[in-house]
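These notes concern the structure reproduced below.
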């Protein structure tokens with residue numbers, strides 16, 4: 001019996017001895033990688049301030065290739081492409097991000113916002129409506145953008161439905177309440193001023 005415990009103790013020590021260097025190596029590699037990413041981000045900021053957008057975009061592309069599910073990295077790349085009026089490339093980034101991260105309810109919003117800014121309101125519902133049915137609820141901007149798009153297309157019943165759904169989640173959102181009130185007045189045929197009154 002003592003022999004079994006002795007073998008078990010030696011085995012445990014051997015496993016511990018082999019695990020410790022691997023853990024240390026992994027932690028060291030992670031620390032090095034974190035510093036490299038910090039350096040890339042600092043360099044990106046320097047080039048952005050200097051107005052060297054092509055270099056910023058190149059670094060954003062590298063980061064996006066490394067982290068294709070990172071919302072901030074994808075939107076930074078798209079936004080930078082929009083800054084230099086590469087509209088098709090920006091839209092391609094947003095579409096790729098949405099389709100490759102279909103389980104993320106917020107992944108659709110950058111593309112929807114792009115369409116909203118281009119007044120292509122009819123393209124917004126097909127990509128934002130499904131996000132509202134996901135188990136993890138999307139960011140409030142998904143609701144806001146969708147509701148405003150429906151209102152711009154004069155689809156007031158759908159607009160009302162989205163504002164009501166959003167207010168079920170965020171009942172204290174005063175601007176959403178005002179928007180719902182304005183839409184309901186429009187549905188009743190009342191004249192609505194710019195402020196919604």
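Mind pulling the angle between the C-alpha long axis of helix 140-152 and the longest principal axis of the chain? Nearest 10 degrees, somewhere in 0 to 90.
It is inclined by approximately 30 degrees.
Could you grab the relative contact order for the range 102-190? Cα pairs under 8 Å, six or more apart, rounded to a whole percent.
It rounds to 23 percent for the range 102-190.
Relative to the longest principal axis of the C-alpha atoms of the chain, give the angle of the C-alpha long axis of helix 174-188, reported between 0 and 90° and rounded to the nearest 10°.
Compared with the principal axis, the helix lies near 40 degrees.
Got the relative contact order for the chain handy, in percent, Cα pairs under 8 Å and 6 or more residues apart?
Once normalised by length, the contact order is 9 percent.
What is the angle, in °, between the Cα long axis of helix 156-169 and the longest principal axis of the Cα atoms in the chain? Nearest 10 is fine, range 0 to 90.
Long axis of 156-169 versus the principal axis of the chain: about 40 degrees.
Taking a ≥ b ≥ c as the square roots of the eigenvalues of the Cα gyration tensor of the range 36-101, is the shape rounded (a/c under 1.5), prolate (a/b larger than b/c) or oblate?
The shape class here is oblate.
Measure out, as a whole number of angstrom, how far apart the alpha-carbon centroids of the range 150-167 and the range 42-115 sit.
One Cα centre to the other: 29 Å.
Helix-only estimate, please: 222 nm mean residue ellipticity of the chain, summing -39500 (n - 2.57) across DSSP H runs of length 4 or more and dividing by its residues, to the nearest 500.
That comes out to -25000 deg cm²/dmol.
Would you please classify the overall shape of the range 102-190 from the alpha carbon gyration tensor, given that a ≥ b ≥ c denote the square roots of the eigenvalues, rounded means a/c under 1.5, and beyond that prolate means a/b larger than b/c while oblate covers the rest?
Oblate, because a/c is 1.5 or more while a/b does not exceed b/c.
Counting only C-alpha contacts under 8 Å and six or more residues apart, can you give the relative contact order of the range 36-101 as a whole percent?
Contact order relative to length: 24 percent.
With a ≥ b ≥ c taken as the square roots of the eigenvalues of the C-alpha gyration tensor of the range 14-138, please select rounded if a/c is under 1.5 and otherwise prolate if a/b is larger than b/c or oblate if it is not?
oblate
A short reminder: the numbers here are calculations on the coordinates, not readings from a lab. This structure is a prediction, so every number in the text was calculated from the model and none was measured.
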